[in-house]
């Protein structure tokens, strides 16, 4: 695995403040996965590992990230836990991170690898907040429309948010398009307040003529 020859750096656990190191490991992961023709499968599996193992079992995550536990013991845990259950590329990469004291940075590395791969494939992450669940037809129609607007393949993360009352809020990067009923009501309220204030000022100006 090419990651075995990756950056030989020692770091503290949960060290997400070294983006250049995170990017180096992310590139190493993608290089190894590309050699096996398994990039999508590897990224999907690592996403599941982060979500279903590390986040779901924080004590286990803390154990892997702890500097108090010897690297050899962590390696044994990684092998016993994941070998035969995860792709060989994934297991090898986890062992490489362990040797360099970077298991605590796995979440950041996986996130960076996913973002890099999406850029290479001209994919754009899109967060969609909907007041109600979207059926398959609605998702497909929204996917097609976003694809035309972005000039890229949207990777949609749909979140149900009943507080929106109705409509959608779509976020692409730093740009937010709010077409929710809650936003429309807020805008209507602001217009009514502005209109009322204007009316009060107009009456005040009329009365000031007789002061």
#### Entry: Sole exception among (1) touching a strand residue (DSSP E or B) at 6+ places or on another chain (Cβ under 6 Å); (2) loosely packed, with under 14 Cβ neighbours inside 10 Å; (3) more than 26 Å from residue 186 (Cβ to Cβ) for residue 155, by number
(2)
### Task
Only residues that are at pLDDT below 75 and surrounded by 14 or more Cβ atoms within 10 Å (Cβ to Cβ): list them for the stretch 167-196, please.
183, 184
### Query
Is the stretch 6-19 home to any residue that is on the phi < 0 side of the Ramachandran plot, in the same structural domain as residue 99 (by TED's automatic domain parsing), modelled with pLDDT under 95 and assigned to a helix (DSSP H, G or I)?
yes
### Query
Going by the structure shown, is residue 131 at pLDDT 95 or above and either buried (at least 16 other Cβ atoms within 10 Å of the Cβ) or over 30 Å from residue 33 (Cα atoms) (or both)?
no
### residue 95 modelled with pLDDT under 95 and touching a helix residue (DSSP H, G or I) at 6+ places or on another chain (Cβ under 8 Å)
no
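Here is a yes/no grid of residues against (1) outside the structural domain of residue 169 (by TED's automatic domain parsing); (2) in contact (Cβ under 8 Å) with a residue 24 or more places away in the chain:
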| residue | (1), (2) |
| --- | --- |
| 76 | yes, no |
| 87 | yes, yes |
| 134 | no, yes |
| 141 | no, no |
| 150 | no, yes |
### Query
Which of the helices (runs of 4 or more DSSP H) contained wholly in the stretch 61-133 include at least 1 residues that are under 30 Å from residue 164 (Cβ atoms)?
106-120
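The values are calculated or read from the model by the stated rules, or taken from the named source; none is laboratory data. Keep in mind that this is a model prediction, so the values were computed, not measured. Heads up, the Cβs are rebuilt from the backbone with ideal geometry, glycines too, and the neighbour counts pull from every protein chain shown.
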